[in-house]
């Protein structure tokens, strides 16, 4: 018999031993549930490319928030589908806008849940870009900052607990921080989409949020997937401007950046497990090619193992239920 001293398998022999030495643990509190809110009452409209995801009227969003909270999820992020759109996305900061309505209703029904408000204009502009544009279709960075600041203040006034700017405009965190502070919201934190790539994984989201650009794409302001050093620079700028959280989006294809941000910053790190990542797991599971629950939990565990403190995921409720079953 070989004289083997080191036997790592000793700690894998039983489920109890594996659990005892497990290094990375998922809990329901790790997850932030995205909700897409639309006008109407009693609306629960399926998103065809994202099984299990719906456009929800405010009353249905409240029910979803209550159910999620009861399953152990402590936070959600809101995206709005307005009834009308215009060139500058003014509906984003209307005090009776769809996200503002949903925020007030959810906070009344579930005061303890954390409402994160996505702060962007793409869902509210007729052209589908994340800011104001000029005659040539160029997105105007500095003019957009004013609109984002107005949106952040409006969302805070409605009761949002965290503002999450996602437009990838230069200086957006500083502009929002200044506006919030000047409007007596110095206590409201900013969850910056610091590292957001121009990714092909966003396709299903654009159906869910009705936010596909009417022309061109978003590569002039979202990041090139090939660039690591630039991503670190973006994170450094947002941290310096006052971001309270740093986000990487998408998650699984960019775990190197989740890890790198975790090593460099003491701020909480959020990773967005995006629509395409979710849809691919769902599609493969529907065909019987994978075990959906195991792949879901393995994927989310990998994101947390890389260094994410929080994970925005459409699997939030399913993952919470699966974890509750295991406990």
Subset of segment 182-224 (residues that are in contact (Cβ under 8 Å) with a residue 60 or more places away in the chain and assigned to a loop (DSSP other than H, G, I, E, B)): 199, 210, 211, 212, 213, 214, 215, 216, 218, 220, 221
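One line per residue, one yes/no per condition, for (1) closer than 30 Å to residue 84 by Cβ; (2) surrounded by fewer than 10 Cβ atoms within 10 Å (Cβ to Cβ); (3) out of contact with any helix residue (DSSP H, G or I) (no Cβ under 6 Å at 6 or more places or on another chain):
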{"site": "6", "(1), (2), (3)": "no, yes, yes"}
{"site": "16", "(1), (2), (3)": "no, yes, yes"}
{"site": "19", "(1), (2), (3)": "no, no, yes"}
{"site": "24", "(1), (2), (3)": "no, no, no"}
{"site": "37", "(1), (2), (3)": "yes, no, no"}
{"site": "44", "(1), (2), (3)": "yes, no, no"}
Within the bounds of segment 103-110, is there any residue that is surrounded by 21 or more Cβ atoms within 10 Å (Cβ to Cβ) and more than 30 Å from residue 9 (Cβ to Cβ)? yes
Can you name the residue in segment 46-58 that is surrounded by fewer than 18 Cβ atoms within 10 Å (Cβ to Cβ) and in contact with a helix residue (DSSP H, G or I) (Cβ under 8 Å, 6 or more places away or on another chain) and is also nearest to residue 318 (Cα to Cα) among such residues? 52
Taking segment 225-260 only, how many residues are under 18 Å from residue 202 (Cβ atoms), without any contact (Cβ under 8 Å) to a residue 40 or more places away in the chain and under 20 Å from the mean Cα position of the chain (by Cα)? 2
Contact list please: Cβ distance under 8 Å, first residue in segment 73-91 and touching a residue at least 24 places away in the same chain (Cβ under 8 Å) and on the phi > 0 side of the Ramachandran plot, second residue assigned to a strand (DSSP E or B) and surrounded by 22 or more Cβ atoms within 10 Å (Cβ to Cβ), pairs at least six apart or on different chains. 89/125
Would you point out the residue of segment 215-268, among those that are modelled with pLDDT under 95 and out of contact with any strand residue (DSSP E or B) (no Cβ under 9 Å at 6 or more places or on another chain), that is surrounded by the fewest Cβ atoms within 10 Å (Cβ to Cβ)? 215
By residue number, the members of segment 59-84 that are over 18 Å from residue 109 (Cα atoms) and touching a helix residue (DSSP H, G or I) at 6+ places or on another chain (Cβ under 7 Å) are 79, 80, 81, 82, 84
In this structure, does residue 61 turn out to be surrounded by fewer than 18 Cβ atoms within 10 Å (Cβ to Cβ) and not in a loop (DSSP other than H, G, I, E, B)? no
In segment 139-152, how many residues are in contact with a helix residue (DSSP H, G or I) (Cβ under 8 Å, 6 or more places away or on another chain), surrounded by fewer than 23 Cβ atoms within 10 Å (Cβ to Cβ) and over 16 Å from residue 125 (Cα atoms)? 0
Any residue in segment 304-312 that is crowded, with 18+ Cβ neighbours inside 10 Å, on the phi > 0 side of the Ramachandran plot, modelled with pLDDT of 95 or more and in contact with a strand residue (DSSP E or B) (Cβ under 6 Å, 6 or more places away or on another chain)? yes
Output for segment 233-251, where each listed residue is in a helix (DSSP H, G or I), touching a helix residue (DSSP H, G or I) at 6+ places or on another chain (Cβ under 8 Å) and within 11 Å of residue 196 (Cα to Cα): 235
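The values are calculated or read from the model by the stated rules, or taken from the named source; none is laboratory data. Quick caveat: nothing in here was measured; it's all calculated off a predicted structure. As a convention, Cβ positions derive from the backbone with ideal geometry for all residues, glycine included, and neighbour counts pool all protein chains shown.
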